[in-house]
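Remarks on the structure that follows.
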Amino acid sequence: MRALNYLELEGMLERSGWATAAAQQRQALAATDIEVVTSPWHGGDLPAATGSLATGGGLFAEYDLAHCHAPGPGSLAVARHARKSGTPLVLHAHMTAEDFGESFRFSSQVAPALGRYLRRFYSQADLVLCPSQYTKGLLEDYPVDAPIRTITNGVDRDALAGHESLREEYRDRYDLDGLVVFAVGSVFERKGLTTFCRLAEATDHEFAWFGAYDTGPHGSPVVKRWTNDPPENVTFTGWVDDKRGAFGAGDVFCFPTKDENQGLVVLEAMACGKPVVISDIPVFEEFFTHGEDCLKCGSEAEFRAALDRLADDRALRERLGANARETAAEHSLERVGEELSSIYREVTTA
């Protein structure tokens, strides 16, 4: 089988969880007998496809199934072509209106209209994939008029190997010392930015957020406020070339997020054996267990208590980290490849 696994604007989205998820799927499928193409266009890109069309050729490449990761115009074109050609169409719901809010300037105001668009977009599919039962429930409530199944985003443990060797380099680079409470990923208010900074103000620990933040016109006022004038014990590193350095430098992963579709970065922290402190939100109930592989908190006071407890109890940090590694192993790329190849076959033979 030849399957399209397509993320439009992939270059612009290279720092996103979408790009990580798509790349991991392709890597996982490489171990199966599915042949993967990443561009829907004849000749590999749109200019080449346009040239082909002008000379009487086709605009689209040949594939047996189309799987799209983003709800943009390129994917809309792929969806229309799939309907006309009878090609099975899988759409991946990495985005919901709920997780778009509190990301960029005006994103919360745009979210309701986005939800209406996503309902129509996802309803085109022969199958919608999403990473959690929580997200599936949101889509069913829109309602999306297509079958919906869940599949983990997985975690590439091999790509994180060697993070320990980068510890001193990254701690020196960002002047970090002692126990470091850290987060990884783009800096958004939805990810718990204000709570993260208030926790820093209320404790003596060092805090570091490894990830890009937008200070331009699209940047959130809240992000600009905290990154321009952070608490003395908070470091915003900006983009880091090797995320292994972030996981090497940090000691306790703190993620007071308000909404997630799965929480890929949590799985990455767990794969590195880090003790994690996360929000007590519904999606995390599916994957993580309080007191076994993480500590879950429902308020700033609970986050402060959890961080203090971990700072004082090395044995607890080690136990949670060891259990976290086992949890991350359940989301292996081997599992992703097996499940996704099976799904592709089911959709093409339905």
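Summary table
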read-out	value
Selection from region 33-76 of residues that are in contact with a helix residue (DSSP H, G or I) (Cβ under 8 Å, 6 or more places away or on another chain), in a helix (DSSP H, G or I) and either farther than 29 Å from Arg120 by Cα or aromatic (Phe, Trp, Tyr) (or both)	none
Scope region 283-322; condition exposed (fewer than 13 other Cβ atoms within 10 Å of the Cβ) and not in a loop (DSSP other than H, G, I, E, B); matching residues	Ala301, Asp312, Arg314, Ala315, Glu318, Ala322
Neighbours by Cβ (under 7 Å, 6+ apart or cross-chain): first from region 39-65, on the phi > 0 side of the Ramachandran plot and free of Cβ contacts under 8 Å to residues at least 60 places away in the same chain; second in a helix (DSSP H, G or I) and open to solvent by less than 80 Å² (accessible area, probe 1.4 Å)	Gly43/Ala49; Gly43/Ser52
Meets criteria (in a helix (DSSP H, G or I), touching a residue at least 40 places away in the same chain (Cβ under 8 Å) and within 23 Å of the chain's Cα centre (by Cα)) for Ala269	yes
So Arg149, is it assigned to a helix (DSSP H, G or I) and among the charged types (D, E, K, R)	no
Close pairs from region 88-105: first under 9 Å from Cys68 (Cα atoms), partner at pLDDT 95 or above and of a type in the set (Gly, Ala, Ser), Cβ under 6 Å, at least 6 apart	Leu89/Ala66; Leu89/Ala79; Leu89/Ala82; Leu89/Ala125; Leu91/Ala125
Any hit, region 240-258, residues being without any contact (Cβ under 8 Å) to a residue 40 or more places away in the chain and either of a type outside the set (Asp, Glu) or not assigned by the TED database to the domain that holds Glu285 (or both)	no
Number of the exception - Gln262 against (1) part of a helix (DSSP H, G or I); (2) among the polar types (S, T, N, Q); (3) open to solvent by less than 20 Å² (accessible area, probe 1.4 Å)	(1)
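The values are calculated or read from the model by the stated rules, or taken from the named source; none is laboratory data. None of the values given here were measured: they were computed from a predicted structure. Heads up, the Cβs are rebuilt from the backbone with ideal geometry, glycines too, and the neighbour counts pull from every protein chain shown. What goes into the accessible areas is simple: the full protein's heavy atoms, side chains included, and nothing from ligands, DNA or RNA. Shrake-Rupley method; radii C 1.70, N 1.55, O 1.52, S 1.80 Å.
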